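Notes follow once the structure below has been shown.
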Amino acid sequence: KNSRKSMAAEAKQQEKALPVCYFDITIDGKAMGRIEMTLREDLVPKTVANFRGLCTGKHPSYEGYTYKGTYFHRIIPDFMVQGGRLYEQGGDGKIKRRPFV
C-alpha cells in the first residue's frame, strides 16, 4: 500500500511541475469555456516547445504564428477536438495557408 501512495504522491508532484497551456473558446464572440492541457515536456520536450510557441505566438522559428483565432474543424463530444489550422483569409474570399514546417 505504501508504494501505491508513494507513486500517487510522486505523480501528483510531477504533474504540478509540468507546464499547462489553455485555449479560451468562443463561438460568435460568446465565451464558452476553457480547455486546459498539461504538457508532458518530460516525455516529448521538442513537441511541447513547438506547441507552447504556437500557443503564445513566440515560436522560435515562426514568431507571431499562433493558434489564436483558429478554429476547430472536428469535434467529437466527450472525446476530442481537432483544429489549429494556421491560415489567412485572403481578400478574394479564399483561404491561404501560411507556410509552416
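The values are calculated or read from the model by the stated rules, or taken from the named source; none is laboratory data. Just so it is clear, the structure is predicted and the values come from calculations on it, not from any experiment. Cβ: placed from backbone, ideal geometry, glycine included. Neighbour counts: every protein chain shown. Just the protein is used for accessible areas: all its heavy atoms, side chains included, with ligands, DNA and RNA removed. Shrake-Rupley method; radii C 1.70, N 1.55, O 1.52, S 1.80 Å.
Here are the numbers for the structure shown:
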quantity	calculated
Complete set of residues in the range 33-53 that are among the aliphatic types (A, V, I, L, M), surrounded by 10 or more Cβ atoms within 10 Å (Cβ to Cβ) and not in a helix (DSSP H, G or I)	Ile35, Met37, Leu39, Val44
Of all residues making up the range 54-72, the number that are free of Cβ contacts under 8 Å to residues at least 40 places away in the same chain, open to solvent by less than 70 Å² (accessible area, probe 1.4 Å) and within 19 Å of Arg34 (Cα to Cα)	7
Strands (runs of 3 or more DSSP E) contained entirely in the range 62-101, each with at least 1 residues that are modelled with pLDDT of 80 or more and either under 22 Å from Gly29 (Cα atoms) or of a type in the set (A, V, I, L, M) (or both)	72-76, 80-83
